[in-house]
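Note sheet for the following structure.
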Amino acid sequence: MMNGAIALLCLIWGLNWVVMKQANQVFPPVLFTTFRFILGSGLLLSVAYFKQIPIPRCDDWKWIILGGILQIAFFNTAVQVGMQFLSAGFSSVLSYSMPLWVTIMAHFLLGERLTKRKAAGVVMGMVGLVVLLNVSGGGDWWAIILTLAGAVAWALSSILVKLKLPHCDVLQYTTWQMVVGAVVLSMYSALFEHGTIEWGWLAVGYLLYNGILASALAFLLWTYILSNTEAGKASVSVLVIPIIGVLAGVILLHEPLYWNTVAGMALILAGIWFVNKPETTT
């Protein structure tokens, strides 16, 4: 069950880097993100109503709201805006530096001890990021920083689930977190974003894929994985997603594959594997 959930999540989010990149050609970026989470939250609300899932208790709302702002609103806006100025593969690797930040935060907030081996893995991953950022034609620095900030926000939201909301039902938390994110995104898009939508079958397809699969189903899978494993182990489950994103960008969008992109990604993945490698006993 867990391995199947991880495999399906990685496939959906990996391919979605190409879908989101293409969607930027027909949607204003934040408006597209808003529409996908309105659709996703509406679907989850319908399922929660059908299954008679109760509204979260009062003490949980502040954490659900914070999670919705960090993981749904900020992370996805950072990704969608940043992707206008970065390649799909480059964006995916930056965003999925998230396990590095989770490992560091888990040491201080969850008591998941950062050993010397884990610390070495974090350093290896950070060196990989430095190598990766030196991409010829990789994109504007502000877009790189924005995308990395989104990864940190996602990591913090993941820690909050383990720290403050371990008792929450998976569907309950995912639904209301997405509702909060959709509301925040709607307000931002209405106040600050300008642009037009080029409606067509492709635009509808991009929206349906993101709303149904990459939002409602994928975030439900992610909350399920996170709720049933340690934070570090849950974060390592997404390591294959950047690889799928890079390969999909190269194959489907004919994006160039620079040597330092490959080297940086290899160092990042090796570092994260090193961090999450099971302790050996003698």
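The values are calculated or read from the model by the stated rules, or taken from the named source; none is laboratory data. Treat the numbers as computed from the prediction; the structure is a model and nothing was measured. Glycine also receives a Cβ, built like all others from the backbone with ideal geometry; neighbour counts cover every protein chain displayed.
Can you pull out the residues in the stretch 32-53 that are surrounded by fewer than 23 Cβ atoms within 10 Å (Cβ to Cβ) and of a type in the set (D, E, K, R)? The one that is surrounded by fewer than 23 Cβ atoms within 10 Å (Cβ to Cβ) and of a type in the set (D, E, K, R): Lys51.
In the stretch 39-70, which residue that is of a type in the set (D, E, K, R) and either touching a residue at least 40 places away in the same chain (Cβ under 8 Å) or in a helix (DSSP H, G or I) (or both) is nearest to Val184 (Cα to Cα)? Step by step, filter the stretch 39-70, then rank; the result is Lys62. Of all residues in the stretch 20-31, those satisfying the criterion of being part of a helix (DSSP H, G or I) and surrounded by fewer than 24 Cβ atoms within 10 Å (Cβ to Cβ) are Gln22, Pro29, Val30, Leu31. There is at least one residue in the stretch 253-272 that is at pLDDT below 80, within 20 Å of Met2 (Cβ to Cβ) and among the hydrophobic types (A, V, I, L, M, F, W, C).
Considering only residues in the stretch 124-150 that are surrounded by fewer than 12 Cβ atoms within 10 Å (Cβ to Cβ) and at pLDDT 80 or above, the one that is farthest from Glu255 (Cα to Cα) turns out to be Trp142. Counting only residues that are buried (at least 18 other Cβ atoms within 10 Å of the Cβ) and of a type outside the set (A, V, I, L, M, F, W, C), which one in the stretch 239-256 is farthest from Trp273 (Cα to Cα)? The qualifying residue farthest from Trp273 (Cα to Cα) is Glu255. Checked against the criterion of being within 22 Å of Gln52 (Cα to Cα), of a type outside the set (Lys, Arg) and under 18 Å from the mean Cα position of the chain (by Cα), the stretch 194-210 has no qualifying residue. As for the stretch 228-236, it holds at least one residue that is surrounded by 16 or more Cβ atoms within 10 Å (Cβ to Cβ), aliphatic (A, V, I, L, M), under 14 Å from the mean Cα position of the chain (by Cα) and at pLDDT below 90. Return the residue satisfying two criteria in turn: it lies in the stretch 206-227 and is over 14 Å from Met2 (Cα atoms) and of a type in the set (Phe, Trp, Tyr), and of such residues it is surrounded by the fewest Cβ atoms within 10 Å (Cβ to Cβ). Out of the qualifying residues, it is Tyr209.
Assessment of the stretch 220-228 against the conditions (in contact (Cβ under 8 Å) with a residue 60 or more places away in the chain, in a loop (DSSP other than H, G, I, E, B) and closer than 30 Å to Gly111 by Cα) yields no matching residue.
Going by the conditions given, is Glu198 outside any helix (DSSP H, G or I), in contact with a helix residue (DSSP H, G or I) (Cβ under 7 Å, 6 or more places away or on another chain) and not β-branched (Val, Ile, Thr)? First the steps, then the outcome.
On the way: outside any helix (DSSP H, G or I): yes; in contact with a helix residue (DSSP H, G or I) (Cβ under 7 Å, 6 or more places away or on another chain): no; not β-branched (Val, Ile, Thr): yes.
Answer is no for this residue.
Could you name every one of the helices (runs of 4 or more DSSP H) located completely within the stretch 79-186 that has at least 1 residues being closer than 19 Å to Leu221 by Cα? Let's see the steps before the verdict.
On the way: elements: 88-95, 98-109, 116-133, 141-164.
Qualifying helices (runs of 4 or more DSSP H): 88-95, 98-109, 141-164.
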